[in-house]
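Have a look at the structure below, then the notes.
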Amino acid sequence: MMDMESAVMELIINAGEARSCAMQALYAARKYQWEQVDILLAESQRASKRAHATQTELIGFDEGEGKLPVNLIMVHAQDHIMNAMLARDLVEELVRIYRLLEQNGVQSQ
């Protein structure tokens, strides 16, 4: 049996890092700092994969049989993962737009 408290904290920490890196990438894109954008998006992806691996481990342990208690902290961790995934997806789209703006000579703020 896995240590639930550690697993949930790992989910929250990695999801938070994924979201934070995605948002930092967006701020770098506003300044057309593409090398920094790419580094931050890659780190966001790695953190997201770590969170997803932990989540998959928990799902595998549960086996759809309700073996894991669903409590507020578990729901909170799931919210973090979903928000991080959505943030990264949206940031990636916005980065594409900023790249197009720069290619068309539009100054960013």
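The values are calculated or read from the model by the stated rules, or taken from the named source; none is laboratory data. Small disclaimer: the values here were computed from a predicted structure and weren't measured. In this analysis, Cβ positions are derived from the backbone assuming ideal geometry, glycine residues included, and neighbour counts consider all displayed protein chains. Each accessible area value is taken on the protein alone, full model and side chains, heavy atoms only, with ligands, DNA and RNA left out. Shrake-Rupley method; radii C 1.70, N 1.55, O 1.52, S 1.80 Å.
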- Per-residue accessible area for SER6 at 1.4 Å probe radius, Å² rounded to 10? 60
- Note on the structure: Per the Cα gyration tensor, region 4-104 corresponds to an equivalent ellipsoid with semi-axes, largest first in Å, of 32, 11, 10
- Message: Whole-Hz ³J(HN,Hα) for each residue in region 14-22, computed from phi via Karplus 6.51 cos²θ - 1.76 cosθ + 1.60 with θ = phi - 60°, x for glycine and proline: what do you get?
- Response: 5, 5, x, 5, 4, 5, 4, 5, 4
- May I ask you to rank VAL95, VAL70 by accessible area, largest first, using a 1.4 Å probe over the protein chains only? VAL70, VAL95
- Put LEU90, LEU26 in order of accessible area, largest first, probe 1.4 Å, and you get LEU90, LEU26
- Item | ARG19 accessible area, 1.4 Å probe, all protein chains in place, Å² to nearest 10 | 120
- Heavy-atom surface of the chain, accessible at 1.4 Å and reported per residue (Å²): 64
- Item | Spin-label model distance (nm) - GLU102 vs MET82, 7 Å beyond Cα toward Cβ | 3.4
- Label points 7 Å out from Cα along the Cβ direction at ASP89 and SER6: separation in nm? 3.2
- Considering only protein heavy atoms and a 1.4 Å probe, what is the carbon-and-sulfur percentage of the accessible area of the chain? 56
- In square angstrom, rounded to the nearest 10, how much accessible surface does GLU93 have for a 1.4 Å probe? 100
- Task: Among ALA51, ALA77, ALA15, determine the one that fluctuates most according to a GNM of the chain built with springs between C-alpha atoms less than 10 Å apart.
- Result: ALA77
